[in-house]
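Rule-based calculations on the coordinates, nothing more; no lab input. In this text, all values refer to a predicted model and were calculated from it rather than measured experimentally. Positions of Cβ are backbone-derived with ideal geometry, glycine not excepted, and every protein chain shown enters the neighbour counts.
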Amino acid sequence: MAESKKYEITIDVATQYLPEQSAPDAQRYFFAYTVTVTNSGTVAAQLISRHWIITDADGKVEEVRGLGVVGHQPLLKPGESFEYTSGCPLSTPVGTMSGSYQMVADDGLRFEAAVPEFVLAMPRTLH
């Protein structure tokens, strides 16, 4: 089996604008994002830390690093998933997030699982 298939993490993201937590007049837009992390490889791996790159519509970039996700460092056996929801405030009605999760496989190998860029957008701001 190819080495890359042993250590494979699939990441899916769904986003939602939260008008009740936003204040557009004060340039505060709040978004929730739900991430599903699935071990699609053949070796168990633990999510140790995260690195996010958050960019608003003005090009302002914020980087966030931290241990685990929402207080957890899930160990995912092959085929298992972990889902969590978190939030992100922006000063513009549209922005993007991307990043990676730092993983450690059962055999000790450390690797990164890339989170493809996704868009955070207030409804009716994108065509």
Condition met for ARG110 (over 15 Å from VAL35 (Cβ atoms), loosely packed, with under 11 Cβ neighbours inside 10 Å and among the basic types (Lys, Arg)): no
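Would you mind finding the one in VAL37, VAL115, VAL43 that is surrounded by 15 or more Cβ atoms within 10 Å (Cβ to Cβ), in contact with a helix residue (DSSP H, G or I) (Cβ under 6 Å, 6 or more places away or on another chain), closer than 30 Å to LYS5 by Cβ and touching a residue at least 40 places away in the same chain (Cβ under 8 Å)? Write out each step before concluding.
Numbers: VAL37 fails: in contact with a helix residue (DSSP H, G or I) (Cβ under 6 Å, 6 or more places away or on another chain); VAL115 fails: in contact with a helix residue (DSSP H, G or I) (Cβ under 6 Å, 6 or more places away or on another chain).
None of the others qualify; the one that does is VAL43.
Go through the range 24-74 and give me each residue that's in contact with a His (Cβ under 9 Å, 6 or more places away or on another chain) and of a type in the set (D, E, K, R). Step through it out loud before you land on a result.
Keep residues of the range 24-74 that are in contact with a His (Cβ under 9 Å, 6 or more places away or on another chain), which gives 47, 63-66.
GLU63, ARG65 - these are the residues of the range 24-74 that are in contact with a His (Cβ under 9 Å, 6 or more places away or on another chain) and of a type in the set (D, E, K, R).
Please go through the range 84-127 and give me each residue that is of a type in the set (S, T, N, Q), out of contact with any Asp or Glu (no Cβ under 8 Å at 6 or more places or on another chain) and closer than 17 Å to ASP12 by Cα, ordered by number. Break it down stepwise before answering.
Looking only at the range 84-127, we keep the residues that are of a type in the set (S, T, N, Q), and these are 85-86, 91-92, 96, 98, 100, 102, 125.
Now restrict to residues that are out of contact with any Asp or Glu (no Cβ under 8 Å at 6 or more places or on another chain): 85-86, 125.
Scanning the range 84-127 gives THR85, SER86.
Suppose we filter THR34, THR38 for residues that are over 20 Å from GLN16 (Cα atoms) and assigned to a strand (DSSP E or B); which single one remains?
THR38
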Residue in the range 9-27 that is farthest from the chain's Cα centre (by Cα), counting only those that are among the aliphatic types (A, V, I, L, M) and not in a strand (DSSP E or B): ALA26
Every pair of residues 6+ apart whose Cβ atoms lie under 6 Å, when the first sits in the range 61-74 and is assigned to a strand (DSSP E or B) while the second is of a type in the set (D, E, K, R) and surrounded by 11 or more Cβ atoms within 10 Å (Cβ to Cβ): GLY66/ARG50; VAL69/ARG50
Matching residues, the range 49-79, being closer than 18 Å to ILE9 by Cα, of a type in the set (A, V, I, L, M) and in contact with a Phe, Trp or Tyr (Cβ under 8 Å, 6 or more places away or on another chain): VAL69, LEU76
